[in-house]
Amino acid sequence: MSIFREKAGGNGGDGQELPSHRFTKDLERAQTLAVMLAKSRASAAVEVADFLAGMYMYDWERLSKYWDDTDEIEGYLQQVCKISPQRWHRWIECYDGERQTGRKRGALRLRQPLQFLRPPKTVKGGRTRVEPSLELQAVLRRAGELAPFRDTSEGRAIPILTSECVLLAIVQCPESDAGRRLFLSGLDVLTLENEALRPRHAPRH
């Protein structure tokens, strides 16, 4: 079960919670990096800034077009991404290994973080897994409301979240520090909104 899955309308036939949303492949990779950042701080929660930084690390070439001048926002995101070079290289090695394995078996499974990032199952007195913070959960719910595409699960429509939808949802949360920084960084919100709500192509998921 994905750590970014919420209860949404009961359980499936196998007793598992139904997903509240699905991620595109690009956003799935960004989620993996966000989990890395949260774990690097020994945090029990993935914050909005972690998720935004994961999007920056994985897909900045694509997202940078929404800024005329990226210096300010990149400075903020690089600050969020502070991790030791040794740990970063180790993560990249593991990530590449998992990616190659996934290619041999077929596409990596949707919504699931890579296995090497998943902490042990919780037992009495043991570790608990990293969860999205309440603020990040609210952002993902808002992104689901904005998402123009849907998939189905157990006969129910599930929003497919894209990087654009999540970025727009963050900037629409003015109470969030990450949202305020995005808004003040020169982000072209009108262009982002147009491409998030009226994309030219269906997302890969």
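The values are calculated or read from the model by the stated rules, or taken from the named source; none is laboratory data. Keep in mind the model is a prediction, meaning the values are calculated, not measured. FYI the Cβ positions are ideal-geometry reconstructions off the backbone, even for glycines, and counts take in every protein chain you see. Each accessible area value is taken on the protein alone, full model and side chains, heavy atoms only, with ligands, DNA and RNA left out. Shrake-Rupley method; radii C 1.70, N 1.55, O 1.52, S 1.80 Å.
Of note:
- Filtered residues of the stretch 190-201 (kept if farther than 16 Å from residue 55 by Cβ and either open to solvent by less than 20 Å² (accessible area, probe 1.4 Å) or of a type in the set (Lys, Arg) (or both)): 198, 200
- A Cβ distance below 6 Å, combined with a sequence gap of six or more or placement on separate chains, defines the contacts here; from the stretch 183-196, residues that are within 11 Å of residue 172 (Cβ to Cβ) reach residues that are hydroxyl-bearing (Ser, Thr, Tyr) in the pairs 192/66.
- Selection within the stretch 149-189: residues that are farther than 20 Å from residue 59 by Cα and aliphatic (A, V, I, L, M). The member of this set that is least open to solvent (accessible area, probe 1.4 Å) is 158.
- Residues in the stretch 127-148 that are assigned to a loop (DSSP other than H, G, I, E, B) and crowded, with 21+ Cβ neighbours inside 10 Å: 130, 147.
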